[in-house]
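Before I ask anything, here is the structure I am working with.
The values are calculated or read from the model by the stated rules, or taken from the named source; none is laboratory data. Please read these numbers as outputs of a predicted model, since none were measured by experiment. For neighbour counting, all protein chains shown are included, and Cβ atoms are generated from backbone atoms with ideal geometry for every residue, glycine included. Accessible surface areas use protein heavy atoms only, side chains included; no ligands, DNA or RNA. Shrake-Rupley method; radii C 1.70, N 1.55, O 1.52, S 1.80 Å.
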Amino acid sequence: MSINRYIPHLIVFPEDDANRQIANGFIQDLNVNYLAIQILPIADGWPKVVSKFTNVYVSEMQKYPQSMMLLLVDFDEREDRFSYVESHIPEHLKSRVFILGVKSNPESLKKDIQKKFEAIGEALAKDCSENKNELWGHPLLIHNKTELERMIVSVKPFLF
């Protein structure tokens, strides 16, 4: 089933399969409105997330003003990764596009907390629906705090 592009919805664009599995776990949480979220096929690397977003999804978002997009990337311990990705988001779309990811990579988070990727996604969704920061407060995720707060204001009303 596909989303209705004429009502508020979130499109998730994962860099790789680990991020896709986390996103799949997120939508399995019973509090998530799975009809308002779509997970795209993996991009196969963060540079391809940026490229495909710029070349394909910018025009899609212009056609559908209710669309919001999450670019789910590994930060690979690179402090400049967020600003680089953000610099490719047109100014008029910045309020509807979000960038989140693990500080290093999802495999490091999985190893550290001893959970499968989908269980990580479910735990993150539970944190969001219950207004908690248990897993979001983890050292490999805490850097997302500002972006997550910005995102919650926009997507929580229709996603939970």
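Output yes when any residue across the range 101-111 is over 17 Å from K52 (Cβ atoms), touching a residue at least 24 places away in the same chain (Cβ under 8 Å), touching a helix residue (DSSP H, G or I) at 6+ places or on another chain (Cβ under 7 Å) and among the basic types (K, R), and no when none is.
yes
Restricting to the range 1-34, name every residue that is of a type in the set (G, A, S) and within 27 Å of S108 (Cβ to Cβ). Full working, then the answer.
Within the range 1-34, the subset of a type in the set (G, A, S) is 2, 18, 23, 25.
Within the range 1-34, A18, A23, G25 qualify.
A further question follows. Confirm whether N31 is open to solvent by 60 Å² or more (accessible area, probe 1.4 Å) and not in a strand (DSSP E or B). Let's see the steps before the verdict.
Working: open to solvent by 60 Å² or more (accessible area, probe 1.4 Å): yes; not in a strand (DSSP E or B): yes.
So N31 passes the test.
Here is a list of conditions, (1) hydrophobic (A, V, I, L, M, F, W, C); (2) outside any helix (DSSP H, G or I); (3) crowded, with 18+ Cβ neighbours inside 10 Å, and I120 meets all of them except one; can you say which number that is?
Only one criterion is unmet by I120, namely (2).
Looking at the range 142-158, is at least one residue within 15 Å of L30 (Cα to Cα), in contact (Cβ under 8 Å) with a residue 60 or more places away in the chain and either of a type outside the set (V, I, T) or not in a loop (DSSP other than H, G, I, E, B) (or both)? Quick ask: steps written out before the conclusion?
Taking the range 142-158 as the starting set, the residues that turn out to be within 15 Å of L30 (Cα to Cα) are 156, 158.
In the following step, the residues that additionally are in contact (Cβ under 8 Å) with a residue 60 or more places away in the chain were identified as 158.
Adding the requirement that they be either of a type outside the set (V, I, T) or not in a loop (DSSP other than H, G, I, E, B) (or both) leaves 158.
Yes - at least one qualifying residue is present in the range 142-158.
With the requirement that a residue be touching a residue at least 60 places away in the same chain (Cβ under 8 Å), within 13 Å of the chain's Cα centre (by Cα) and closer than 14 Å to Q66 by Cβ, what does the range 5-47 give you?
The answer is H9, L10, I37.
Still on this model: Collect the residues in the range 14-33 that are in contact with a strand residue (DSSP E or B) (Cβ under 9 Å, 6 or more places away or on another chain), hydrophobic (A, V, I, L, M, F, W, C) and within 13 Å of D74 (Cβ to Cβ), keeping them in residue-number order.
I22
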